[in-house]
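None of the figures in this text is laboratory data; all of them are computed from the coordinates on show. Remember, predicted model here, so these are calculated numbers, not experimental data. In this analysis, Cβ positions are derived from the backbone assuming ideal geometry, glycine residues included, and neighbour counts consider all displayed protein chains.
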Amino acid sequence: MQKKIAVIGGGIVGATASYYLARAGHSVSVFDSGNGQATAAAAGIICPWLSRRRNKKWYRLVSEGAAFYDQLLADLASDGFSTDAYARCGALILGQSADYIQEVHDRALERRELAPLIGSVAILKGHELEKAFPPLANTEQALRVAGGARVDGHELTKTLLQAVTHFGGTIHKETVSLAKDNDGTLSVMRLEGPQNFDAIILAAGAWLPQLLQPLGYTVDVRGQKGQLVVLQTDDRGSQNYPVIMPQGEIDLLPFGHGKTIVGASHENDKEYDLQPDASVTDPMLEQARTWLPHLKEAAIADIRIGTRAYTSDFSPFFGSVPGLQNCFAASGLGSSGLTSGPLIGYMLAELAQGRESSLPTEDYPVAAYVKSIGH
Ligand SMILES: Cc1cc2nc3c(=O)[nH]c(=O)nc-3n(C[C@H](O)[C@H](O)[C@H](O)COP(=O)(O)OP(=O)(O)OC[C@H]3O[C@@H](n4cnc5c(N)ncnc54)[C@H](O)[C@@H]3O)c2cc1C
């Protein structure tokens, strides 16, 4: 049966959920203010397998999330849409010592048994390293992980939302709120008045508290500012380079046509701030130029700023919102949301259609972070 479904938020979670719902024949309305969107700012690395984090549920989500890209891209391609936003270009891991590289190498081999997508893993030195990434300097060795990928969040959501429109859905660039009737019916409040739906998906990222607090909920989600710098070089070979993941905060992402992205910052104290701040981006650039000296000549083409969503224990959540009929939410994807986001969006679409999600919602419980006051 065709359902009328609202999706609030058009980042990676909302765009993927909307795509699968519209594709399945439902009538989908996406509401997205776009303000501060994390997905649009992110030029992301999809390479979750090497993390030292010990949270097994988180690891399962990001590992299966990375693998889910194959299904998403195949579905988009079969519907006639571009998959250029994603490239499995491989990743080069840089470390301060040979011991560190060896440790990551061993972890990659161990994890590959359950995550074959990791692909070939090799420590590169000398000529081999130079061949893998000609402009790389000040690095004696690096670990190459063939399954690493890069995705342009802005391009991917643009494509997904085009597909939503193709399947009859509508996209509304507006900020909406929620209201609950005395009988518990939830409606989406638009400028033109309230609108009712069979199901509502809250994919509002760091802004989930603003949606649910007026309904009497506390929401354990905070915003974190992330900045990255887009540089333009003359290096036309950059299309085929792997992404570079040095030890520490910043990563370097070569895209096509000489574009290289350096980032990102993780500014907890700046929360929802969207102003560029050179005191943060200049040191990132300086650090990037020690590995890629050719970036000294590069022009700054853009500074991208977005707001990541974090819970207090850094765990993402998704599923039904307690106390609200046919209302589903996800948030707290943190700095790995481009990796887990498409799978979470797909699972929200499954739940909204009355089906089970492939990962158990009790492992990522909404109720642990979204609490009705007085319960
Ligand atoms: C600089 C940066 C770099 C990153 N790099 C990586 C990376 O390398 N790898 C990786 O895996 N992840 C990365 N991430 C994390 C990833 O981008 C996020 O976790 C993910 O995109 C979050 O997706 P989302 O759909 O949950 O939220 P968002 O993308 O933030 O989307 C939420 C949307 O909801 C809208 N919204 C909210 N409230 C309302 C309302 N009331 N009405 C209408 N619209 C509303 C917002 O405007 C926004 O557009 C990065 C993030 C940043 C900021």
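Longer than 25 Å from Cα to Cα, which of Lys4/Lys173; Lys3/Lys225; Lys4/Lys57; Lys57/Lys371; Lys57/Lys173; Lys56/Lys270 are they? Say none if no pair is.
Cα-Cα > 25 Å for Lys3/Lys225; Lys4/Lys57; Lys57/Lys173; Lys56/Lys270; rest within.
With everything on Cα atoms, drop me the angle between helix 153-166 and the longest principal axis of the chain, reported from 0 to 90° to the nearest 10.
For helix 153-166, the angle is close to 40 degrees.
Would you mind pulling out the separation of the Cα centroids of the stretch 288-344 and the stretch 48-103, in Å?
14
Quick check: residue separation of Ser177 and Ala24 times 0.36 nm, minus the Cα distance between them. What number comes out in nm?
Going from the current span to full extension adds 52.5 nm.
Explain nothing, just compute: Karplus ³J(HN,Hα) = 6.51 cos²θ - 1.76 cosθ + 1.60, θ = phi - 60°, for every residue of the stretch 301-309 in order, whole Hz, x for Gly and Pro.
Residue by residue, the stretch 301-309 yields 8, 6, 10, 9, 10, x, 10, 7, 10 Hz.
How many percent of DSSP beta bridges within the chain run antiparallel, rounded to 5? Write down the numbers at each step before the final one.
Values: 52 of 71 bridges.
Around 75 percent antiparallel, to the nearest 5.
Tilt of helix 56-78 relative to the longest C-alpha principal axis of the chain, in degrees (0 to 90, nearest 10)?
The two axes meet at around 90 degrees.
For a Förster distance of 30 Å, can you work out the FRET efficiency between the beta-carbons of Glu192 and Lys158, rounded to the nearest 0.05?
On the way: r = 26 Å, r/R0 = 0.86.
Using R0 = 30 Å, I get an efficiency of 0.70.
Relative contact order of the stretch 239-375: what whole-number percent is it, with Cα pairs under 8 angstrom and at least 6 residues apart?
Reported relative contact order: 16 percent.
Stokes-Einstein at 10 °C, 1.306 mPa s, Kirkwood radius from Cα pairs: D for the stretch 13-70 in µm² s⁻¹?
114
Each label point is 7 Å from the Cα along the Cα-to-Cβ direction; what then is the distance between the points at Tyr272 and Glu356, in nm?
About 3.9 nm, to one decimal.
From the convex hull of the Cα coordinates of the stretch 244-375, what is the mean projected area in square nanometres?
Quarter of the Cα hull surface area: 11.0 nm².
Would you please state the base-10 log of I(q)/I(0) at q = 0.14, 0.16, 0.19 1/Å for the stretch 173-274, with intensities from the Debye formula using one equal scatterer on every alpha carbon?
At q = 0.14, 0.16, 0.19 Å⁻¹ the computed log10 ratios are -0.75, -0.82, -0.95.
Using the per-residue mean of other Cβ atoms lying within 10 Å as a proxy for protection, in what order, highest first, do the peptides 11-18, 169-176, 295-302 fall?
Going by the mean number of other Cβ atoms within 10 Å, highest first, we get 11-18, 169-176, 295-302.
Just to be sure I follow: if Rg is taken over the C-alpha atoms of the stretch 19-141 and Rh is the Kirkwood radius over the same atoms, what is Rg/Rh? Don't skip to the answer; put the middle values down first.
On the way: Rg = 18.4 Å, Rh = 17.7 Å.
That ratio is 1.04, to two decimals.
Remind me, what semi-axes does the chain give for its equivalent ellipsoid, largest first in whole Å, using sqrt of 5 times each Cα gyration tensor eigenvalue?
37, 21, 20
I'd like the FRET efficiency for Ser372 and Ala301, computed as 1/(1 + (r/R0)^6) with the beta carbon distance as r and R0 of 51 Å, rounded to 0.05. Could you put the intermediate results ahead of the total?
Working: r = 46 Å, r/R0 = 0.90.
Once rounded, the FRET efficiency stands at 0.65.
Which angle from 0 to 90°, rounded to the nearest 10, does the C-alpha axis of helix 98-112 make with the longest principal axis of the chain?
Around 50 degrees separate the two axes.
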